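Step one of this worksheet: look at the structure below.
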Amino acid sequence: MDITTRSFGKYKGVEYTEIIVKNDVGDCLIFSDLGARINQWLANDTINQPRSIVIGYDNAEQVFELDSYYYGATVGPVAGRIKDGRFDNNGEMVQLDCNDGKNHLHGGRSSWAFRKWDYSYKVENGEAIVMFTLVDDDKDSPYPGNVKAEVTYRVTNIHEWFITYRIVSDARTLINPTNHVYFNLNAALDRPIDNHSLYVNAERYLPVDEEHLPTGEKLPVEGTPFDYRTDQILAPWLNANHPQTKGANNGLDHAFELASGDGVKAWLYSPTTHWSIEVFTDQPYLVVYTHNYVDQEGKIAGIPRLKHAGITFETQAAPDAIHHKDFGKVVYEAGEVYESTTCYRLYRNVKVLDED
Ligand code: BGC
């Protein structure tokens, strides 16, 4: 394990840093203190050329100028939309900023995705640990409370990236973070993810309205483009004649209610590289978003942005959980600790989805 740092460039006079982790099996994961992001996950192909399986920016300026997509970012304090940017916090109405039409999205203008985080790193038991911390106080954001967030990344020698959140506030508030990493296992950004196969261990999904807010229903995936209980090639489903995929501009932008237990919650495979990833999480929902819009042009690593350039696996309580019953826990009392872990595990050249 080897950990080094380098500049991620300056924006408005503030300097940002990348933390570069190289494990002993050829992976290189590059994180940054700008949004506690993952910028790159490079793995070696069959001729030992490093290829990135995630989408990330080249420098801090690109993040601030081009990122309505939240590439690789720690999104918080609350991921997804909050209807009308408003909620009742024990009798007190809290109004958040509305940065997505009439609604609040991904933590709004003071989102954790665009904040400068403190960081530290070490190698422990042969694993790399990179810890990001942020104090998000009352003055920084419209959410109640002074919130202390710790996001710890752990990189192992079996191609795993673990994310652990530990968050606590000194007042009752909402907490529901996620990481917004987009995978593309073709390991080439000019080849969209339509050829990938997807498995999601979910019996139900949450349909959305025209503002992409959950309607409140939980519908069976059976017989819909949301049924990934056996792995499915994405292309036909993204283009299916179904109001929910059509409403997402031919794509997925939906929460899946995950089966409980410790098993694989989602799996993604590219027939081009034969690479796959498994997703593990203790969170109850998975938001899958297939980069359905290109509303800001711009080149990433020299390649023009494409529709379906990547696919996210946002582990969390469901979007807009504050306004619905049984959408997962999002309200935290003063001093109550939020803790959760998600792991992405890469396999190269082997198809590893267990049939059971
Ligand atoms: C949301 C999308 C949004 C995207 C980029 C996803 O998590 O569900 O609706 O467009 O993030 O902001």
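Of the residues Gln95, Gln40, the single one that is under 18 Å from the mean Cα position of the chain (by Cα) and open to solvent by 50 Å² or more (accessible area, probe 1.4 Å) is Gln40. Of all residues in segment 325-342, those satisfying the criterion of being more than 16 Å from the ligand (Cβ to nearest atom) and either of a type in the set (Val, Ile, Thr) or not in a strand (DSSP E or B) (or both) are Lys325, Asp326, Lys329, Val331, Glu333, Ala334, Gly335, Glu336, Val337, Thr341. Within segment 7-27, the set of residues being open to solvent by less than 20 Å² (accessible area, probe 1.4 Å) and either part of a strand (DSSP E or B) or within 19 Å of Glu150 (Cβ to Cβ) (or both) comprises Phe8, Tyr16, Glu18, Ile19, Ile20, Val21. Return the residues of segment 135-158 that are open to solvent by less than 40 Å² (accessible area, probe 1.4 Å) and within 18 Å of the chain's Cα centre (by Cα); say none if nothing qualifies. Scanning segment 135-158 gives Ala149, Val151, Thr152, Tyr153, Val155.
Going residue by residue through segment 292-301, is there one that turns out to be free of Cβ contacts under 8 Å to residues at least 12 places away in the same chain and away from the ligand (no atom under 13 Å from the Cβ)? Yes, the conditions are met somewhere in segment 292-301. Meeting the requirement of 3 or more residues that are over 23 Å from Asn349 (Cβ atoms), the strands (runs of 3 or more DSSP E) wholly within segment 232-293 are 253-258, 285-289. Here the condition is being basic (Lys, Arg) and either within 14 Å of the ligand (Cβ to nearest atom) or at pLDDT below 95 (or both); of Arg86, Arg81, it holds for Arg81 alone.
So is Gly328 at pLDDT 95 or above, within 22 Å of Asn103 (Cα to Cα) and open to solvent by 30 Å² or more (accessible area, probe 1.4 Å) or not?
Details: at pLDDT 95 or above: yes; within 22 Å of Asn103 (Cα to Cα): yes; open to solvent by 30 Å² or more (accessible area, probe 1.4 Å): yes.
Judged against the criteria, Gly328 is a match.
The values are calculated or read from the model by the stated rules, or taken from the named source; none is laboratory data. Everything quoted here is computed from the prediction, not taken from an experiment. Here the Cβ is made from the backbone with ideal geometry for all residues, glycine too, and neighbour counts use every protein chain on show. We work out accessible area using only protein heavy atoms, side chains counted, and drop any ligands, DNA or RNA first. Shrake-Rupley method; radii C 1.70, N 1.55, O 1.52, S 1.80 Å.
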